[in-house]
Amino acid sequence: MYDKYSLKATEFIDDTEIKDTIAWAEENKDNLTLINKIIDKTDELKGLTHREAALLLMCEDEQALQRIFEQASKIKQEFYGNRIVMFAPLYLSNYCVNGCTYCPYHAKNKHIPRKQLSQEEIRREVIALQDMGHKRLALETGEDPVNCPIEYVLESIKTIYSIKHKNGAIRRVNVNIAATTVENYRKLKEAGIGTYILFQETYNKEQYELLHPTGPKHNYNYHTEAMDRAMEGGIDDVGCGVLFGLNLYKYDFVGLLMHAEHLEAVHGVGPHTISVPRLRDADDIDASEFKNGISDELFQKIVAILRIAVPYTGLIISTRESKKTREMVLKYGVSQISGGSRTSVGGYAETEEEEEDSSQFEISDNRTLGQVVNWLLKLGYLPSFCTACYREGRTGDRFMSLVKAGQIKNCCLPNALMTLKEFAEDYADEETKQLALDMIAREAETIPNEKVREIVYKHLHDMDGGMRDFRF
Ligand code: SAM
């Protein structure tokens, strides 16, 4: 029985409700009056229900689709302006006891080199990341309570935050590790993590169990209820996502939005971010053997509808996607991207000759962070290395209410400008630096609040004298 307030996975992600939603949306997919009414409603910037969003997903009418894309661009501009937040993944360990059929870290893979970074190796990785200009990381590990216990993750977070190399600093560590206990989430919160990220992979219980035949991840309920435990443990910024390609996309799209509705209903705050990864080839994984892959056109449509359905939630895309695809979805909703990523354990500090391939999946966008920043600036986007929100206590519903009130322009824009200036001064080549400084000059003028604007000008000026880490 569907109940978004329930704490039981099979009730807030109710299979019958998902199937009924898809059937209803398919029946109504030519009802342009209803479709246009739903699109009109997105002007209120209050988002859509999973049923409304599902109907838009089924819609094939050219004019209506055009309107959906226009609304997505408009809403993105309204909430996020042209800012794009930058991050990099950091793989700590690929030991794994699970049997996920799509991931090369699965326990039966005996030939992939298993590695776990020592604290000294983490130092080297973090220095390499700082030297690229990164300030925000997403930690990644396989699941292995013996080889990679929570204590190791906590110690690693401490190490990462402690490293200050030249002007570098990692100021926000997000964590993407397997579903765990309330107690462990509490420890992660105490260690000062930003967002806790966990992909659902698929919301379809039957498929989920087939895709995760062995190991603790096999337990659908435990995995699906992880965000509730994280929130109970005090983490109020959580990041959801499905791995597109594993299951029928319509089902997972509806499940994802129902999950967001559940978190909002029970905890008063929806997901801080949603990631939209697509399955990739990897060591012993052939993505073409999975028959549910989605085309670029469909992917673009999904991003646009997510943008208007959950306008206050950041959308993340990784280097699994090519430069071309990333450019396409930036327009319609993506607000965070990774750059210069390595998906192998130790991949940042290793030279190519040293590299033994322990990577999780193949990367499509192989450019350096500097090249990605240069490209974003040329497209008219404002790359942001901001990590201020959670350090200023703006997490969970405090962050959401600020976003919903449209007040983020007086916070996010100044922070984006100041962190881009840091990047320009400390890490950019001459061309990128000039592009960045021009962008900063143009955008600073648009800060709505006069007082804030003046402070930003002062801080930008003080940075020339070597001052760093100003924030609102
Ligand atoms: N081990 C953690 C867990 O159990 O959730 C998460 C860390 S894993 C390093 C991060 C994500 O990579 C997974 O949640 C999965 O969605 C994704 N992934 C795994 N295999 C992949 C593949 N072949 N292509 C693309 N993404 C993949």
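Structure values in brief
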quantity	calculated
Residues (of a type in the set (D, E, K, R) and either exposed (fewer than 15 other Cβ atoms within 10 Å of the Cβ) or part of a loop (DSSP other than H, G, I, E, B) (or both)) located in the range 1-19	3, 4, 8, 14, 19
In the range 36-45, the residues that are part of a helix (DSSP H, G or I) and touching an Asp or Glu at 6+ places or on another chain (Cβ under 7 Å)	38
Flag if residue 274 is on the phi < 0 side of the Ramachandran plot and either within 11 Å of the ligand (Cβ to nearest atom) or crowded, with 20+ Cβ neighbours inside 10 Å (or both)	yes
Output for the range 46-64, where each listed residue is in a helix (DSSP H, G or I) and in contact with a helix residue (DSSP H, G or I) (Cβ under 7 Å, 6 or more places away or on another chain)	50, 51, 52, 53, 54, 55, 56, 57, 58, 64
Matching residues, the range 268-299, being part of a helix (DSSP H, G or I) and free of Cβ contacts under 8 Å to residues at least 40 places away in the same chain	288, 289, 296, 297
Elements of type helices (runs of 4 or more DSSP H) in the range 375-443, at least 2 residues being within 18 Å of residue 133 (Cα to Cα)	412-426
Unique match (being away from the ligand (no atom under 13 Å from the Cβ) and within 22 Å of the chain's Cα centre (by Cα)) among 129, 139	129
Output for the range 165-176, where each listed residue is away from the ligand (no atom under 14 Å from the Cβ) and either free of Cβ contacts under 8 Å to residues at least 12 places away in the same chain or within 24 Å of the chain's Cα centre (by Cα) (or both)	168, 169, 170, 171, 172, 173
Qualifying residue in the range 216-228 (condition: assigned to a loop (DSSP other than H, G, I, E, B), within 16 Å of the ligand (Cβ to nearest atom) and modelled with pLDDT of 95 or more)	yes
Selection from the range 228-271 of residues that are of a type in the set (Gly, Ala, Ser) and under 14 Å from residue 203 (Cα atoms)	241, 245, 255, 260
One residue from 326, 307 being within 16 Å of the ligand (Cβ to nearest atom), farther than 24 Å from residue 127 by Cα, in a helix (DSSP H, G or I) and touching a strand residue (DSSP E or B) at 6+ places or on another chain (Cβ under 8 Å)	326
Any chance residue 150 is free of Cβ contacts under 8 Å to residues at least 60 places away in the same chain, of a type in the set (A, V, I, L, M, F, W, C), surrounded by fewer than 22 Cβ atoms within 10 Å (Cβ to Cβ) and within 14 Å of the ligand (Cβ to nearest atom)	yes
Hits in the range 337-394 - residues which are at pLDDT 90 or above and surrounded by fewer than 16 Cβ atoms within 10 Å (Cβ to Cβ)	366, 368, 378, 379, 380
Sole residue being modelled with pLDDT of 95 or more and buried (at least 19 other Cβ atoms within 10 Å of the Cβ), chosen from 135, 158	135
Some residue of the range 177-198 being within 26 Å of residue 419 (Cβ to Cβ), more than 14 Å from the ligand (Cβ to nearest atom), assigned to a loop (DSSP other than H, G, I, E, B) and in contact with an Asp or Glu (Cβ under 7 Å, 6 or more places away or on another chain)	yes
Residues being surrounded by 23 or more Cβ atoms within 10 Å (Cβ to Cβ), near the ligand (Cβ under 10 Å from one of its atoms) and more than 19 Å from residue 346 (Cβ to Cβ) - total across the range 86-103	1
Cross-chain or 6+ apart pairs with Cβ under 6 Å, the range 5-28 first and under 21 Å from residue 228 (Cβ atoms), then among the aromatic types (Phe, Trp, Tyr) and in a helix (DSSP H, G or I)	6/12; 18/251
Those residues of the range 233-251 which are within 12 Å of the ligand (Cβ to nearest atom) and either out of contact with any helix residue (DSSP H, G or I) (no Cβ under 9 Å at 6 or more places or on another chain) or in a strand (DSSP E or B) (or both), in sequence order	239, 240, 241, 242, 244
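The values are calculated or read from the model by the stated rules, or taken from the named source; none is laboratory data. In this text the structure is predicted, and so the values were computed from the model without any measurement. We place every Cβ from the backbone using ideal geometry, glycine too, and count neighbours over all the protein chains shown.
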